[in-house]
Structures are given as structure tokens and as C-alpha cells.
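Heads up: the structure comes next, in C-alpha cells.
Readers should treat all values here as calculations from the given coordinates under stated rules, not as data from a laboratory. These numbers were taken from a predicted model, which means no experiment stands behind them. Glycine gets a Cβ as well: all are built from the backbone with ideal geometry, and neighbour counts include every protein chain shown.
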Amino acid sequence: MGPFGNFALSFSIISILSGCMTLFGFGLMTGGPAVMLWGWAFVGLMVLAVGAALAEVTSAYPVSGALYYMASRLGGPRWGYVTGWFNLLGLLGGMAGGCYGSALFIGAWLNLQWDVTPTPERTLLIFGCILLLLATLNLFGVRLVSILNSISVWWHLGGVAVIVGALAIVPSSHQSAGFVFGEFANETGWSNPLYVGLLGLLLAQYTFSGYDASAHLSEETKHAQVSAARGIVRSIFLSWVVGFILLAGMLFAIQDYAGTIGTATGVPPAQIFLDALGVNAAKALLLVIIIAQLFCANAGLASASRMVFAFSRDGALPFASTWRRLSSRTRTPVPAVWLSVAVPFLIALPSLYSTTAYTAIVSINVIGITPAYAIPIYLRLRAGSGFIPGPWQLGRWSRPIGWTAVIWVGFVTVLFCLPPVSPITTASFNYAPIALLTVLALAAVLWMTRGKRTYEIPYGTKEERDQMAQDLV
């Protein structure tokens, strides 16, 4: 894989047409346009710091295990073990969030096309079908996944251009700049505007995740010490710029704010398209977004199953001998792929009765994968001069950028464990902290009972790296 292919995977998983669109309604209720745009600008800057610091460590350790391998090298096996479990939780939460978001949009399209009411049961059924489709695509092998990722980059860029262009030209009226950049809205039930605005940062923070995929593909990337590091930073930066344009274009085109939030389609962007462009154009643009979301989820499954495979290969997961099996024909880790769709389905089951389940699902992704980014960065800072950087490095900016990244990750991890709406009931409860504590408890128990004996990563001799490259799908 060349530098573009490596970048394409991370850019596809970040997927501004997935994260921005699926949480658009959440953003309208938690701060509104002002928080959505300025929050995007601020969070993007913070994530760029996290990505740059992580890219520096990736350049030193370009290995498929990525985050947990880096943590093991810099802090020892226990750090690597915990990082791996965080990473796994985040990737599987991301699969659940991305595919469930696609199911919501498909439900909205069916509502416009055939007046099908998007009930929780139907959404979960669509969600299950999406997981089966993606599993099938991933079983064909990594070459098909790579081709789809390359197409995905141009689909996302072209899709944003079409959506923003249509919303700028066709509607007869637009919102004012004062509304788009300054309107604050609060539909959460909480009275503190600062708390509500902080909750609104979830839209951007959730979208900016998955860029560690460039590190996971290091062993399949030419000149990985530079290409994988650049893939991380470039995917974040391009998503930051294009995502801001997309959000601004959507907000300027809102015709009825209350009607957009309370849309019968269940998807606020669909209502914006309906009001501004009409039914036929709305259905066409929804298809553009749905296909982009499927590209994103397909790349996410490739990354998640790769993580399951690598973590099992190093003896960290229960039944590791099963999850690390490879197809003799395609070299695809078939059991790992199926595990990577089964767990997201279980994560999404509370959506049948919880009105805030989707927020909790995306919070699981954030509070799982974001700490996994910070741990290698923190250990690199702790190592000081003992860390030997690769060819891509931050130089004298390494420590200030690194500490900025660690502090930011700690902040958002706590933030997204908090309740998003008031009053707090069984239907509105944020169960993301429960998922986090469950995984941490499971990791602790498994470490004490078997991890200390079975978890062992290869430390990078030529023979071990050659073997990993041959095993890697």
C-alpha cells in the first residue's frame, strides 16, 4: 500500500459524511449552530495535536498492533494490555455507532421513498443487515477493502461538494451569518449553558476518530515510518477543513429549526434537504451520504477485525486461538471479522428501549478509543530522552504538543461519561460509563488470571516482523 492508500483508510474511517451527519440533530439540541461550528474548529485543533503526537510515536514503531504495541514497548506489557482493551472497545463502539447511523439514514430514505415509519425495531433490523453486508465484503480479502477505501476518499470529497453546492444555490432563502456562527440552542433539559455547550463537542470528537488505522496498516505500507505518520495527520487536517465547510453549508440551509429537530424522518439532515431542495433531491443526497457511511463502516470493520486478530495473535483475548485463524485462500481473519460485527450488534440492543442509546453508543467509541491514543503519547513523554524518534518527528514541539494531547483526552473522556439529557431516567441514562467500567474490569480480571501468562508481543526482530508481515491480512 502506498502513502495515498494509507491516508485513504484513516480519512474514510473519520468520514465527515458519517459523523457530522449522524450527530447533526444532537448538535442542534446541545448548543446549536454556534457550538457546532466553533466546537468543530476547536476540537479539530485539539485532535490535530493528538494525531501529531501519535504520528511521532507511530514513526518510531510502525507495527500492526499499533497503539498497544507502542504502549508495550514504552511502558511494559501491562500498559500494552490496558491500551489494547481501550482500543478494542473504541473500535467496536465505532463500528456500532457508524453502522447504526447508517441504519438511521436508510430508515429516513425508506420513509421518503415508501412512507415506511423508522421504528427502533426496523432500525435495528437494518443495522443487522448492514453488519452482515460489511462482513461479507471484508471476507473477500484486503485488496477489495483497499480499493473501496480509495474510492471512498473521492466519494466523500465529491459528496460534500455536491451537498454544499446544492444547498448554496437552490434554496430561495438562507439563514444569516449571525445565526450560523452565533445562535445558541438548548433542548437537553439542562439549564447550564456551559455544560450544554461542552456536551455539544461530542459531534466533532466522535467524528475525529479512527485515524489510528494508518498505524494499524503500517506493515502493509511502503516507507511506513513516514507514510503512516503523514497518513494520520493529513487525514485529520483534510477532514477538519472539509467538515467545517459541510457543517456551515447545512446550517445556512435550515428553513425551520424546530421542524428540523422534530422531523418525522428521524434524521434532521433529511429534513433540511426536504425543506431546501424538495423530495427527489433529498432522496438523492441521502443516498450519497448512506454510501459514504457504508464506505466508512467497511473501513472501520477492516481496522476492528485487524485489531482483534493482532491482539489475539499476541495472546490477549480469551479464545485467542480462534480469533487469530486466517483463511487459507484470502489470508483474512474470518472469525475476527464475525466477532467484530457480533459485538457491535450487542452494543446497539439497548436502542430498542433507550431514547439516548445512539448518543451512548458514540460515547463508547470516544471514551474507548481516545484514551488508547493518549497512553502511548503519555508513555513517550515519560520516557523522555529514552524515546528514540523515527524520521517523522515534532522536534522541540514534541513535549508541548504531547501534553496538550494528554490533557485534552483526559478531559473529553470524563465529559462523555456524563448524562446528556435531563431528567435522568432509565430511557435517557448514558450507559457508556457502564461499558467502560465493564471492559476495564474484564481487562483487569483477565490480566490477573491469564494475561500475565499468555500476553506476549513480538519486540521487533527482523524474523518476528517478517512473520507478522506474512500473517497480516
> So what J values fall out for the range 38-52 if you push phi through Karplus, 6.51 cos²θ - 1.76 cosθ + 1.60 with θ = phi - 60°, rounded to Hz, Gly and Pro as x?
Replying inline: 5, x, 4, 4, 6, 4, x, 5, 5, 5, 4, 5, 4, x, 5
>> Per residue of the range 228-238, what does 6.51 cos²θ - 1.76 cosθ + 1.60 with θ = phi - 60° give for ³J(HN,Hα)? Whole Hz please, x for Gly and Pro, Karplus curve as stated.
In response: 5, 5, 5, x, 4, 5, 5, 5, 5, 5, 5
> Rounded to the nearest 500, what is the chain's calculated 222 nm mean residue ellipticity when only DSSP H runs of at least 4 contribute -39500 (n - 2.57) each, over all residues?
Replying inline: -23500 deg cm²/dmol
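Starting from the range 340-449, pick out the chymotrypsin sites (Phe, Trp or Tyr not before Pro) whose DSSP state is loop and whose Cβ has at most 16 other Cβ atoms within 10 Å.
On the way: sites: F345, Y353, Y358, Y373, Y378, F387, W392, W397, W403, W408, F411, F416, F429, Y431, W447; in loops: Y353, F387, W392, F416, F429, Y431.
Those satisfying the criteria are Y353.
Fully extended, how many nm does the chain gain between L125 and L139 (0.36 nm per residue separation, minus their Cα-Cα distance)?
Values: separation 14, 0.36 × 14 = 5.04 nm, distance 2.15 nm.
Contour length minus the Cα-Cα distance gives 2.9 nm.
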> Once the dipole of the chain is set up with Lys and Arg at +1 and Asp and Glu at -1 on Cβ about the Cα centre, which of S354, P433, G101 lies farthest towards its positive end?
Replying inline: P433
> G189's amide H: which non-local residues (gap 5+, or another chain) put their own amide H closer than 5 Å, with H modeled 1.01 Å from N in plane and none for Pro or chain starts?
Replying inline: S422
> Which parts of the range 277-321 would a label at V445 reach, counting a residue when its backbone N lies under 18 Å from a point 7 Å out along Cα-to-Cβ?
Replying inline: 316-320
>> Starting from the 7 Å offset along Cα-to-Cβ, what nm value, one decimal, do you get for the label separation of V241 and Y353?
In response: 4.9
> Using the 10 angstrom Cβ neighbour count as an exposure proxy, how do I272, I401 rank, fewest first?
Replying inline: I401, I272
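If I stretch the segment between R329 and L346 completely, what's the gain in nm (0.36 nm per residue apart, minus their alpha carbon distance), one decimal?
Working: separation 17, 0.36 × 17 = 6.12 nm, distance 2.98 nm.
Fully extending the segment from R329 to L346 adds 3.1 nm.
Taking loop as defined by DSSP and a crowding limit of 15 other beta carbons within 10 Å, which trypsin sites (Lys or Arg not before Pro) in the range 209-277 fit? Don't skip to the answer; put the middle values down first.
On the way: sites: K222, R230, R234; in loops: K222.
When the trypsin sites (Lys or Arg not before Pro) of the range 209-277 are filtered for loop state and at most 15 Cβ neighbours within 10 Å, K222 remain.
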> In whole Hz, what ³J(HN,Hα) sequence does the range 284-294 give by Karplus (6.51, -1.76, 1.60; θ = phi - 60°), x for Gly and Pro?
Replying inline: 5, 5, 4, 5, 4, 5, 4, 5, 4, 5, 5
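Nearest 0.05, what FRET efficiency do D115 and Q393 give at R0 = 45 Å with Cβ-Cβ as r? Spell out each step's value before the answer.
On the way: r = 57 Å, r/R0 = 1.27.
Approximately 0.20, to the nearest 0.05.
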>> Can you tell me, using C-alpha contacts under 8 Å and at least 6 residues apart, the relative contact order of the chain as a whole percent?
In response: 33
> With axes computed from alpha carbons, what is the tilt in degrees of helix 334-348 against the longest principal axis of the chain, rounded to the nearest 10 within 0 to 90?
Replying inline: 40
> Angle, helix 357-383 long axis vs. longest principal axis of the chain, Cα atoms, 0 to 90°, nearest 10?
Replying inline: 40
>> Compute the distance from the alpha-carbon center of the range 371-417 to that of the range 182-249, in whole Å.
In response: 17
